[in-house]
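The structure appears right after this line, and notes come after that.
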Amino acid sequence: MKRVSLFLSLAAVAIASGCGGGDTQWKSNRPATVPAKGVVTYKDQPLAGAIVVIQPGEKDGIGASALTDAEGKFELKAFPPEGGAVPGGYSVTIMKMDNSATGEDANGRPVLQKSLIPEKYGNPAQSGLKVEISKDGNSAIQFDLKS
């Protein structure tokens, strides 16, 4: 549950960081981004509706996130709504949740949905997924998830 809460917090920060579209000074002070696109498959099939999050490694950096489309394709966004990621090395988490699971725990907090892919992919310490975004960008990122 902590992992999913952390993920949702990171996703909210990533989305919020794109707000304030008229602030050109803020935009000029942020790091440059490059195209970062790819595809996610699970059991050799496109994984639609999955959330992809990249998190910087030991060096300071800026994460990015994306939602896969019906073909499993995604475009990472460090500063939504604009596409692109900051060059560097990243740990990757991927989550796909069952939206039909609902309810509350004993404290009235929402019960998080069940993962539709192995939960290890939602934990950066266990996923084993890494990506390097080059200074020229990366438009051929491929994540092939297995059971």
Q.
Residue under question is I54, and the condition is that it be surrounded by 15 or more Cβ atoms within 10 Å (Cβ to Cβ) and either in a strand (DSSP E or B) or in contact with a His (Cβ under 7 Å, 6 or more places away or on another chain) (or both); does it hold?
A. yes
Q: Any chance you could count how many residues in region 42-51 are part of a strand (DSSP E or B) and under 15 Å from the mean Cα position of the chain (by Cα)?
A: 1
Q.
Looking only at region 57-93, how many residues end up being small (G, A, S), over 19 Å from G128 (Cβ atoms) and part of a loop (DSSP other than H, G, I, E, B)?
A. 4
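How many of the residues in region 57-74 are surrounded by fewer than 19 Cβ atoms within 10 Å (Cβ to Cβ), of a type outside the set (G, A, S) and at pLDDT 95 or above? Spell out the reasoning first.
Initially, region 57-74 is screened for residues surrounded by fewer than 19 Cβ atoms within 10 Å (Cβ to Cβ), giving 57-60, 62, 67, 69-71, 73.
Subset that is of a type outside the set (G, A, S): 58-60, 62, 67, 69, 71, 73.
If we keep only those that are at pLDDT 95 or above as well, we get 67, 69, 71, 73.
Number of matching residues: 4.
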Q) Between residues in region 133-147 that are in contact (Cβ under 8 Å) with a residue 40 or more places away in the chain and within 17 Å of I51 (Cβ to Cβ) and residues that are β-branched (V, I, T) and assigned to a loop (DSSP other than H, G, I, E, B), which pairs lie under 9 Å by C-beta distance while being six or more apart or on different chains? A) L145/I117
Q | Selection from region 50-60 of residues that are closer than 20 Å to G122 by Cβ, out of contact with any Lys or Arg (no Cβ under 6 Å at 6 or more places or on another chain) and of a type outside the set (V, I, T) | A | Q55, P56, G57
Q) So which residues in region 127-140 are surrounded by fewer than 16 Cβ atoms within 10 Å (Cβ to Cβ) and in contact with an Asp or Glu (Cβ under 8 Å, 6 or more places away or on another chain)? A) none
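The values are calculated or read from the model by the stated rules, or taken from the named source; none is laboratory data. As the structure is a prediction and not an experimental result, all values here were calculated from the model. So basically every Cβ, Gly included, is an ideal-geometry build from the backbone, and we count neighbours across all protein chains shown.
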